[in-house]
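Data first, discussion second: the structure below is written as structure tokens.
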Amino acid sequence: MNRNKQQSPDTVEVWWSSEVDSGGPGWFAGPQDIPYKLSRQPDLQLTAPQVQEVASIVVTPNHVCQQMLGMGTSLEETTVGNLAKMSPSARESILRLLVDKQSGIGLNLIRITLGTSDFTGQAFYTYNDLAEGETDFEQRHFSIQKDVDLGIVETVQQLLAIAPEVEIFASPWSPPAWMKTSGSLKRGSLKEGEEYTTALAKYYRLAIQAYQEQGIPIYAMTLQNEPLFETDYPSCYMPPERQRELALALRQELDRHGLTTELWIFDHNFSDAWDYVTPILNKGEGYAAVDGIALHDYKGSPEVMSELHAAYPHKPIYLTERSLWGTAGADRMAQYFRNYASSYNAWVTMLDSNISPHQWLGTPGPTMFIQDAIDVDRYWIIPEYYLLGQFTRFVEPEAFRVASDYGSHSTVTNVVFHNPDGSLIAVVINQSESEQEFRMLCEGWQFAAKLPAKTVGTYRWQRTAAGKE
């Protein structure tokens, strides 16, 4: 699985991964055969352009788009709780499969939750839970000890020991109940008044500092997971005007204490993005306090990210939550990047074979790793791990997306990146039921390829070879 061996300047390296029972519940019953699992294929040759009656993809590396932050998954308490049941060696093997650059798929952006989310086997908690009627504006009772006791801190520390370059970002599902109109972690909104805004800003600053003291720098945080959604698990309605107040207060808190954690606003669906971000970013103070825009893909179209990029070109866009399955999912991920997302994060990394534990109100789909609920050191990997790896093993941090024709669902689609080392990475997706032949044209050269049905291919070549420099 070594990605770093010397590459001939006129060759194109090729890897394939295929879908099987895409998103099907059968994966919880046990492993299945997967034809291609990041399987290395024979190199292709860069040649002079030729006349061919096949789908053509035109790549224009000089047309540079957004810079990538990274791609990854989540270490929410469901995953951590299942990992905690395993032996140390089995637990480490999964973490290495996630973030190791040689034996794994090299994920470099991991999401954690501040307090519990719906994917947990625990009673819901925050870092400052009080008896009904009590308040603590000075945060005297603040503590992340529950995250320590549940192994969350230790798991993230272990992951960073394996891959120190990984960035961690955090998202809260709810402020403490005493700050909310519902008096509960479920439903409700942050109470009105500057004292509650200030208290919540201090609470988040303390959380960032507490993790930093554990050797876990928090690169960024979103201000509220899905702020337009109230439900019967930790959640909090937070309209944009209120989030703007929180962003200003939290930015002041962070600056006052010398913390560089980025603040990402919104963290919800494409469909509501415009109505939410404009009241925050169209005012000078709000614009200055915010470092990026976070989005989820459960409603709406990715094209809104291109609109937001055009409107706010200096505020990067991050796809912070969506689990995807099969080649259709790989194509959806390509669409995120083609519409200026600088990141992608999957949600929930490992359920067990009983689809546990969680307190979501629906039935989850299969996760990249599935743990045997009886023999907890046994686990199996579903195709989505390898399909994600078709991106993450090859697209480096600080790579830029470059322009390319999208293609079509009836043939192949794609997205192309330019790595800092000068390599070009084309991820090509065949969602069709038959093998597809295509050619890729780039800077005076081409390569021709065939891609099996329901398969994603990654193609890597050196730009100096293609660019006639």
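The values are calculated or read from the model by the stated rules, or taken from the named source; none is laboratory data. Not measured: the values here are computed from a predicted model. When we count neighbours, we look across all protein chains shown, and the Cβ atoms used for this are built from the backbone with ideal geometry, even at glycine.
Counting only strands (runs of 3 or more DSSP E) that sit wholly inside the stretch 364-469, those with at least 1 residues that are over 25 Å from the mean Cα position of the chain (by Cα), of a type in the set (D, E, K, R) and not assigned by TED's automatic domain parsing to the domain that holds E321 are 436-442, 445-451.
Within the stretch 335-351, is even one residue surrounded by fewer than 18 Cβ atoms within 10 Å (Cβ to Cβ) and either hydrophobic (A, V, I, L, M, F, W, C) or at pLDDT below 95 (or both)? No, the conditions are met nowhere in the stretch 335-351. Would you confirm, using the coordinates I've provided, whether R91 is modelled with pLDDT of 95 or more and in contact with a helix residue (DSSP H, G or I) (Cβ under 6 Å, 6 or more places away or on another chain)? It is true that R91 is modelled with pLDDT of 95 or more and in contact with a helix residue (DSSP H, G or I) (Cβ under 6 Å, 6 or more places away or on another chain). Residues satisfying the criterion are absent from the stretch 26-38 (criterion: of a type in the set (D, E, K, R), modelled with pLDDT under 95, surrounded by fewer than 21 Cβ atoms within 10 Å (Cβ to Cβ) and on the phi < 0 side of the Ramachandran plot). Only one entry in L160, L206 is in a helix (DSSP H, G or I) and touching a Gly at 6+ places or on another chain (Cβ under 9 Å), namely L160.
Restricting attention to the stretch 76-88, the residues that are touching a residue at least 12 places away in the same chain (Cβ under 8 Å) and in a helix (DSSP H, G or I) add up to 8.
If the requirement is being assigned by TED's automatic domain parsing to the domain that holds P172 and loosely packed, with under 14 Cβ neighbours inside 10 Å, which of these qualifies: H296, H314? Steps first, answer last, please.
Values: H296 fails: loosely packed, with under 14 Cβ neighbours inside 10 Å.
Checking each option against the conditions leaves just H314.
Return yes or no: is I382 within 30 Å of A84 (Cα to Cα) and surrounded by fewer than 17 Cβ atoms within 10 Å (Cβ to Cβ)?
Answer is no for this residue.
What residue, among those in the stretch 166-182 that are β-branched (V, I, T) and not in a strand (DSSP E or B), is farthest from the chain's Cα centre (by Cα)? It would help to see each step written out before you state the result.
Residues of the stretch 166-182 β-branched (V, I, T): 166, 168, 181.
Going one step further and asking which of them are not in a strand (DSSP E or B), we end up with 166, 181.
Numbers: V166: 12, T181: 31 Å.
Filtering the stretch 166-182 for residues that are β-branched (V, I, T) and not in a strand (DSSP E or B), the one farthest from the chain's Cα centre (by Cα) comes out as T181.
Taken over the stretch 96-129, the criterion of being crowded, with 21+ Cβ neighbours inside 10 Å and not in a loop (DSSP other than H, G, I, E, B) is satisfied by L98, V99, L109, I110, R111, I112, T113, L114. Candidates in the stretch 438-467 are the residues that are at pLDDT 95 or above and among the β-branched types (V, I, T); of these, the one that is surrounded by the most Cβ atoms within 10 Å (Cβ to Cβ) is V456. In the set V64, V20, V12, V54, only one residue is in contact (Cβ under 8 Å) with a residue 60 or more places away in the chain, buried (at least 22 other Cβ atoms within 10 Å of the Cβ) and hydrophobic (A, V, I, L, M, F, W, C); that residue is V12.
Quick one: which strands (runs of 3 or more DSSP E) lie wholly within the stretch 27-75 and hold at least 2 residues that are of a type outside the set (K, R) and in contact with a Lys or Arg (Cβ under 9 Å, 6 or more places away or on another chain)? First the steps, then the outcome.
Details: elements: 39-45, 55-67, 70-74.
The qualifying strands (runs of 3 or more DSSP E) are 55-67, 70-74.
The set of residues in the stretch 336-364 being of a type in the set (G, A, S) and touching a residue at least 40 places away in the same chain (Cβ under 8 Å) consists of A341, S342, S343, A346, S353, S356.
Entry remark, the stretch 92-118: residues being over 20 Å from E77 (Cβ atoms) and touching a Pro at 6+ places or on another chain (Cβ under 6 Å) number 1 in total. Filtering the stretch 212-223 to residues that are part of a helix (DSSP H, G or I) and either among the acidic types (D, E) or under 20 Å from the mean Cα position of the chain (by Cα) (or both) leaves only E213.
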